[in-house]
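See structure below.
Any read-out appearing in this document is the output of simple, stated calculations on the displayed coordinates, not a laboratory observation. Keep in mind the model is a prediction, meaning the values are calculated, not measured. Heads up, the Cβs are rebuilt from the backbone with ideal geometry, glycines too, and the neighbour counts pull from every protein chain shown.
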Amino acid sequence: EAQVTQNPRYLITVTGKKLTVTCSQNMNHEYMSWYRQDPGLGLRQIYYSMNVEVTDKGDVPEGYKVSRKEKRNFPLILESPSPNQTSLYFCASSPPDRGRPYEQYFGPGTRLTVT
Amino acid sequence: EDQVTQSPEALRLQEGESSSLNCSYTVSGLRGLFWYRQDPGKGPEFLFTLYSAGEEKEKERLKATLTKKESFLHITAPKPEDSATYLCAVQAQHQAGTALIFGKGTTLSVSS
């Protein structure tokens, strides 16, 4: 089954304790992205990757890191989480844009609480 | 500034009562407009992509249309299982290959 998976699905942590949220897709997509979703603010892009070893900042990158060492994986790293990073996080992937944008396929989400 | 506005924020319908959701956009060159459905606590599920004004797409009780300034998601004879938040997103020319700009969504409740 074609899908985007995220782990963990739920995480409660404390301020300053480094964490990683994993994202993996089995559709051989080149493009991957991370979003956060907050009430009243909607979905906002954190980081994206056009291909292996190519990453760039989205609209709200502060406090986050990413890496793309393999095509299928795109982990999101919070080096020193703070309470304002409490949110619902989504990973997404899509085929490469060759003149027309394709839809992005979203993972099931990771609900993160930082106390 | 690129912007996507969805209205209404919330919509309550009786089963069978058709209606439309609106997505107004202001972008510097539209490359594509996307509609997604999102159930509580789950990831957005892709519905439609529209690329140019005049284009229409249909799927079961849903029909999406696009003009140069807005898109509509028409829901014909909705059922309770159509209850969800519907998200509209656009990709602009200067953002080729990158971010989608999302609206805040319309939460639809259909009662039997």
* Structure fact -> Quick calc: nm separation of the 7 Å Cα→Cβ label points for B:GLU1 and B:GLU45 -> 3.4 nm
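For segment A:1-40, what D do you get in µm² per second when you plug the Kirkwood radius from alpha-carbon pairs into Stokes-Einstein at 4 °C and 1.567 mPa s?
102 µm²/s
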* Over segment B:32-105, what is the relative contact order in whole percent, taking alpha-carbon pairs under 8 Å and six or more residues apart? -> 29 percent
* Dividing the convex hull volume of the alpha carbon atoms of the protein assembly as shown by its residue count, what do you get in Å³ per residue? -> 123 Å³
* Calculated from backbone phi, Karplus (6.51, -1.76, 1.60) coupling profile of segment B:36-44 in Hz, x at Gly/Pro -> 10, 10, 10, 8, x, x, 10, x, x
* Using only the alpha-carbon atoms of chain B, report the extent along each of the three principal axes, biggest first, to the nearest angstrom. => 44, 30, 20
* Asked: Which of the lysines could a cross-linker span from B:LYS104 if the Cα-Cα distance has to be under 28 Å and same-chain partners fewer than 8 positions apart are dropped?
  -> A:LYS57, A:LYS65, B:LYS42, B:LYS57, B:LYS59, B:LYS63, B:LYS68, B:LYS69, B:LYS79
* Structure fact -> Across A:87-94, the residue-averaged tally of Cβ atoms belonging to other chains within 10 Å stands at 2
* To one decimal place, what Kirkwood hydrodynamic radius in Å is obtained for chain A from all pairs of distinct Cα atoms? -> 14.1 Å
* **Modelled label reach - B:THR67, point 7 Å along Cα→Cβ, segment B:15-38 residues with backbone N closer than 20 Å** => B:19-35
* In the Gaussian network model of chain A, springs joining C-alpha atoms below 10 Å, which of A:PRO61, A:PRO95, A:PRO39 carries the largest mean-square fluctuation? -> A:PRO39
